[in-house]
Amino acid sequence: MSAVEEVRAAHPAQPTPQTADDRAPAAAQPSPPPLYPGAPPAQPPKPLPQLLLYMFAATVVGITQGLGMAFISVTLQQIAGPLQATTNEATWLVAAYLVPNASLTLMLFKMRQQFGLRRFAEISIVIYVLISLCHLWADSFQTALIVRFFAGVAAAPMSSIAILYMLEGLPREKKFSIGICAAMTVMSLATPLAGLISPSIMDIGGWRTFYIFEVGLAMISLALIFKLPLVSGERVKVISRADLIAFAFLFVGMGAFAAALTVGRVYWWTEKPWIGWMLIVGVACLTIMVVMEMNRENPLLDVRWITSAEILHFTGALLVFRIILSEQSSGARAFFMMLGLSNEQMRPLYIVIILSTIAAGVTCSRILKPGRVAYMHGFALVLLIIGTWLDSHSTSLTRPPQMFLSQTLIAFAAGLYLPPAMLVGLMSALKKGPNYILSFIIVFLTTQRVGGILGSALFGSFVTWREQVHSAALVQDLTSGDPLISQRITQLAGAYAQTITDTAVRNAEGAVQLASQVRTQAYVLAYNDAFRFLSLLACVALVVLIIDVAFETWEHKRAAAEGLAA
C-alpha cells in the first residue's frame with residue numbers, strides 16, 4: 001500500500017526552459033530530492049514487456065497473500081474437523097492470523113527505509129515461503145494456531161510489495177489511475193477466488209492441499225521477486241528505541257481488538273468475560289501509545305493530524321463503506337451457507353463477483369481523476385443501495401442465480417470506491433509533507449483491515465440478534481392445538497414412515513423438522529433485516545456526501561465572490 005509514496009519522487013516536475021547559452025549539460029542537472037528519506041531515485045518508465053512482467057508479479061504476489069487468509073475463512077468448517085476442533089475453536093485460526101497482520105504495517109514502512117526496498121522484498125518473500133512450508137507439519141489445532149500467527153506476520157508486507165510492483169515503472173500520469181486501480185482490484189479478488197477454487201483443491205487431497213498450493217504460489221512469487229528486483233533508495237536509519245516501545249503498545253492494542261472482534265460474535269459478547277478484558281487491554285494500550293506519540297519530538301505517528309476533522313471524515317467514510325461491503329464478504333456467502341449450500345454450489349456467484357470486480361477496476365482506471373472522486377463515490381453508493389435492497393427480499397428458496405444482479409452491483413461499487421478514496425487521502429498527505437505519508441498509510445490500511453473485521457463482526461452480531469427476535473415471534477404463533485400445525489407435523493413425519501414404526505417417535509421427528517424450518521425462516525428474515533439496514537446506511541452515506549459536496553461548492557462560490565469584491 002505504501003508504494004504510492006514514491007510517485008512524486010519518481011517523476012519530478014519538468015525544469016524551466018533555458019536558453020542555448022546557459023543550458024547546463026544533462027548530466028550536470030541535480031537530481032530531485034526524494035519525497036521521503038529512503039525513497040528510490042527517479043526512474044524512467046519501463047518498456048512495455050518489462051512493465052507487464054512487473055504487473056504480473058504484482059498480481060501473483062497479491063493473490064498469494066490474499067489466498068493465504070481467504071482459504072481459511074471460506075473453508076473453516078471443513079478444516080475444523082481434521083484439526084479435531086469445533087467451529088468456534090477454528091475461528092481462532094482467523095484471529096491468530098489477524099492479530100499481527102493488523103498492526104505490522106507501521107514498522108514495515110520504516111524497515112523499508114532502513115534496510116532498502118529490494119532487500120526488504122527479498123527477505124519478506126523468503127520468510128513467507130518458510131512459514132508456508134511450516135504449515136505442512138501442522139498436524140494439530142495447537143500447532144496450526146501457532147503457524148497461523150507467524151503466517152500473519154509473514155504476510156503483512158506482501159500486500160505492500162504487491163502494490164510496489166504494480167506501480168513500478170509506470171509513467172507518472174498512470175500511477176494514480178492504472179496503478180492504484182489495478183492494485184486495489186488484485187487485493188479484492190482473493191476471497192471470491194478462494195471460494196471458486198477451494199472445492200477442487202479439497203477434492204484433490206483435503207485441507208493439506210491448501211497449504212501445498214500456497215507453498216507453490218509463494219515459490220513462484222519468490223522467483224519473480226528475485227528475477228524482477230525493485231529499485232531501492234538510500235538507506236536511512238529511522239527506527240529508534242522509542243519507536244519500538246510505541247509499536248509494542250500498538251501491536252498489543254490492535255491485536256487485542258482484532259482478536260475480540262473476530263471471535264466476539266462467535267462466543268457472544270456478553271457471555272465470556274475475557275472478551276471484555278481484551279477490549280479493555282486494547283483501549284488501554286492504544287491510549288498509552290497515543291499519549292507517548294503526542295509528547296515525542298519525532299513521533300511514529302502524527303496523532304494530531306490523524307485526529308483532525310479532515311482525516312476523521314476520511315476515516316469515517318472508509319469505515320462506513322467497509323461495513324456496507326460486509327454484505328458481500330460476510331452476508332451473501334453466510335446466507336447461502338445457512339441454507340445448506342457449499343462453495344461448489346456457489347461457484348457461479350464467485351465467478352460473477354470476480355468478473356464484476358475486474359470490470360470495475362478497468363472502468364475506474366479509465367475515469368479516475370481528482371475532480372471526479374465525489375461523483376464516483378456517489379455512483380458507488382447508489383449501486384450499493386440498489387444491490388443491498390434487492391438482497392433484502394430473499395427467501396429460503398433463493399439461490400445464487402437470484403443474486404447475480406445484486407452482487408454484480410455491489411462488487412462493481414467496491415471497485416469504484418476504494419481507488420478514489422486512496423487517491424484523495426494520498427493527495428491530502430502529500431500537501432502536508434513527506435512526514436504525513438506514513439500517517440496516511442496507517443489510516444488507510446487500518447480502515448481496510450480493521451474495518452473489514454468490524455464489518456463482519458457487526459453484521460454477524462446483527463443477524464444473530466434479529467434471528468432470536470424472529471424465532472420468538474414465529475414460535476409464539478405455533479401451538480400444538482392449531483390444526484394446520486398438526487397437519488404440517490404429520491406431513492413431515494411421513495418421511496420417516498418406512499424407517500420408524502412408532503407413531504409418537506415419528507411425530508416427534510416431524511416436530512423437530514418443523515422447528516428446524518422455523519429457525520431457517522427466522523434466519524432468512526434476520527438476513528433480510530441486515531441487508532435492509534445496510535441499504536439504509538448506504539442511503540444515509542449518500543445524503544451526507546451530497547450535503548458535503550453542496551457545502552464545498554457553496555464555499556468555493558462564496559470565496560470566489562469575496563475575491564472579486566476585494
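The values are calculated or read from the model by the stated rules, or taken from the named source; none is laboratory data. Just so you know, these numbers come straight off a predicted model, no measurement behind them. Methodologically, a virtual Cβ is constructed for each residue, glycine included, from the backbone with ideal geometry; neighbour enumeration extends over all protein chains shown.
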- Scan segment 325-342 and give yes if some residue there is over 23 Å from ILE453 (Cα atoms) and either within 19 Å of the chain's Cα centre (by Cα) or hydrophobic (A, V, I, L, M, F, W, C) (or both), otherwise no. yes
- All conditions in (1) of a type in the set (A, V, I, L, M, F, W, C); (2) modelled with pLDDT of 80 or more; (3) over 28 Å from the mean Cα position of the chain (by Cα) are true of PHE56 except (3)
- Does LEU318 meet the test of being surrounded by fewer than 16 Cβ atoms within 10 Å (Cβ to Cβ) and assigned to a helix (DSSP H, G or I)? no
- Query: Does any residue in segment 330-349 that is acidic (Asp, Glu) come within less than 7 Å, Cβ to Cβ, of a residue that is surrounded by fewer than 21 Cβ atoms within 10 Å (Cβ to Cβ) six or more places away or on a different chain, and which pairs are these?
  - Reply: GLU344/PRO199
- Query: Only one of (1) in contact with a Gly (Cβ under 8 Å, 6 or more places away or on another chain); (2) β-branched (Val, Ile, Thr); (3) buried (at least 21 other Cβ atoms within 10 Å of the Cβ) fails for ILE353. Which number is that?
  - Reply: (1)
- Query: Checking GLN84 against (1) in a helix (DSSP H, G or I); (2) out of contact with any Lys or Arg (no Cβ under 6 Å at 6 or more places or on another chain), which test does it fail?
  - Reply: (1)
- Starting from residues that are among the aromatic types (Phe, Trp, Tyr) and modelled with pLDDT under 80, keep the ones in segment 131-149 and report whichever is nearest to VAL215 (Cα to Cα). TRP137
- Query: Of the residues in segment 151-199, how many are surrounded by fewer than 22 Cβ atoms within 10 Å (Cβ to Cβ), farther than 28 Å from LEU423 by Cβ and modelled with pLDDT under 80?
  - Reply: 1
- Task: Among the residues of segment 401-421, count how many are touching a residue at least 24 places away in the same chain (Cβ under 8 Å) and either surrounded by fewer than 18 Cβ atoms within 10 Å (Cβ to Cβ) or not in a helix (DSSP H, G or I) (or both).
- Result: 2
- Is one or more of the residues making up segment 215-222 closer than 27 Å to ALA58 by Cβ and at pLDDT below 80? no
- Message: So GLY433 passes all but one of these: (1) at pLDDT 75 or above; (2) surrounded by fewer than 21 Cβ atoms within 10 Å (Cβ to Cβ). Which condition number does it fail?
- Response: (1)
- Query: For segment 380-391, how many residues meet the condition of being surrounded by fewer than 19 Cβ atoms within 10 Å (Cβ to Cβ) and in contact with a Phe, Trp or Tyr (Cβ under 9 Å, 6 or more places away or on another chain)?
  - Reply: 2
- Note on the structure: When every residue in segment 359-378 that is within 21 Å of the chain's Cα centre (by Cα) and of a type in the set (Ser, Thr, Tyr) is compared, the one surrounded by the most Cβ atoms within 10 Å (Cβ to Cβ) is SER365
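For every residue, the table says whether it meets (1) within 30 Å of THR86 (Cβ to Cβ); (2) out of contact with any Lys or Arg (no Cβ under 8 Å at 6 or more places or on another chain).
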| residue | (1), (2) |
| --- | --- |
| ILE123 | no, yes |
| VAL126 | no, yes |
| SER132 | yes, yes |
| LEU136 | yes, no |
| ASP139 | yes, yes |
| THR143 | yes, yes |
| ILE161 | no, yes |
| TYR165 | no, yes |
| GLU173 | no, yes |
